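Here's the structure we're looking at; comments come further down.
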Amino acid sequence: MNKIKVLILLSILLVAFLLDIALGSVHIPLKEVIKALFNPDSGNDTWVYIIEKIRVPKALTAIIVGCGLSVSGLQMQTLFRNPLAGPEVLGVTAGASLGVALVMLSAGSITSLYTIKELGISGSWLIILVSSLGAGLIMLLIVSISSSLKDNVIVLIVGVMIGSITFSVISIWQYFSTPELIKDYLLWTFGSLGGVTGSQLLILSIVVSIGLLISFLSSKLLDALLLGDNYARSMGLTVKRARILIIGSTSILAGGITAFCGPIGFIGIAVPHLARALFNTSSHRVLIPACCLIGTVLMLICDIVSQISGSQTVLPINVITSLVGAPVVIWIIVGSTKLKGF
């Protein structure tokens with residue numbers, strides 16, 4: 001049964017990928033999209049340029065973002081044993097945003113995101129490094145506080161409060177910054193999949209792949225932690241070391257994606273629950289690939305919706321993911337007593 005579900009998801013993924021490339025301000029027939037992908041020399045030069053330079057990188061970014069945010073959310077829900085845990089709820093996205101703000105707002109226009117990207121590979125690694133460090137520091141703070149708390153709801157509230165404090169620091173920083181830098185930073189906060197091309201896309205792919213590999217190799221650790229720290233210790237697991245590994249992986253995933261695409265909400269919360277409901281399991285060896293598939297499909301669909309066909313308007317991706325993910329979060333809250341795996 002699971003194989004059939006995977007095949008259905010892969011089919012939807014393929015269709016969503018092709019539609020994401022075909023739709024936009026310039027409509028390109030699916031036949032021409034397929035021709036441009038497999039035999040670019042025989043297609044319309046303008047369409048081929050749009051597909052290769054703009055739409056394929058954007059669709060690939062959606063795939064990377066869907067995988068990374070979904071798995072980071074899954075790991076956080078397991079680590080904190082809280083169905084509402086996610087990068088944006090527990091302040092991890094805020095920490096990554098603080099890292100980016102440190103670079104973009106601290107030293108004038110020379111550190112704008114555009115300038116950093118123009119520096120090439122070195123600038124790309126810089127923005128990912130500060131974003132991941134910011135995410136990791138917030139996660140470490142929440143984990144250290146949560147170790148003395150038994151109630152998952154209180155842990156969630158603490159995470160929200162830490163996120164609020166972090167965003168308040170960023171707001172103060174913005175208040176004393178120049179209008180040009182504030183504009184650059186605000187545009188970044190809307191979230192975008194279209195600004196990651198060339199070397200940035202390659203570096204983002206490498207970073208997210210490393211995070212996903214660590215996550216998959218940590219599947220047994222995650223399964224043990226899901227059953228509680230005492231059970232994990234009885235299995236010979238060093239809980240502190242496992243937590244650091246999971247924090248590192250989550251920080252790499254959430255920080256790297258936030259650095260280039262901005263804070264994208266709700267995917268990390270919603271997708272793990274969709275994966276559990278669809279595949280009816282709590283095994284992370286199944287859930288991690290499932291989250292990657294569902295997260296990818298969801299991000300591609302959100303990207304399609306964000307493009308108003310036939311016009312130059314592209315809605316911020318964060319707006320669309322919120323519209324899609326918020327109903328899932330409501331479903332989680334309403335049916336929390338029936339959720340599996342917690």
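Laboratory data are not the source of any read-out in this text; all were calculated from the coordinates shown. Computed from a predicted structure; not experimentally measured. Because the Cβ atoms are built from the backbone with ideal geometry, glycine has one as well, and the counts that use them run over all protein chains shown.
The figures follow:
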| quantity | calculated |
| --- | --- |
| Highest-fluctuation residue, S132, S70, S11 considered, GNM on the chain with Cα pairs under 10 Å | S11 |
| Length-normalised contact order for segment 2-338 - Cα pairs under 8 Å, 6+ apart - percent | 32 percent |
| Correct option for P(r) over Cα pairs in 10 Å bins from 0, in percent [calculated from the coordinates] among [x] 5, 20, 25, 23, 16, 7, 3, 1, 0; [y] 6, 23, 30, 22, 13, 5, 1, 0; [z] 6, 26, 34, 23, 10, 2, 0 | [z] |
| Among G86, G194, G136, residue whose mean-square fluctuation peaks in a GNM of the chain (springs only between Cα atoms under 10 Å) | G194 |
| Cysteines, the chain, no other Cys beta-carbon under 4.7 Å | C261, C291, C302 |
| Sorted by Cβ density within 10 Å, fewest first, the residues V130, V196, V92 | V130, V196, V92 |
| For the chain, built as a Gaussian network whose Cα springs stay under 10 Å, the top-fluctuating residue of I252, I154, I301 | I154 |
| Dipole magnitude (debye, nearest 20) for the chain, charges at Cβ of Lys, Arg, Asp, Glu | 1120 debye |
| CD proxy at 222 nm, helix term only [per DSSP H run n ≥ 4: -39500 (n - 2.57); per residue of the chain; nearest 500] | -24500 deg cm²/dmol |
| At least 27 Å along the helix axis (C-alpha) and Kyte average at least -1.0, DSSP helices within the chain | 2-22, 56-80, 121-146, 152-175, 198-217, 239-261, 284-306 |
| Exposure proxy ranking, count of Cβ atoms within 10 Å, fewest first, for L193, L7, L60 | L7, L60, L193 |
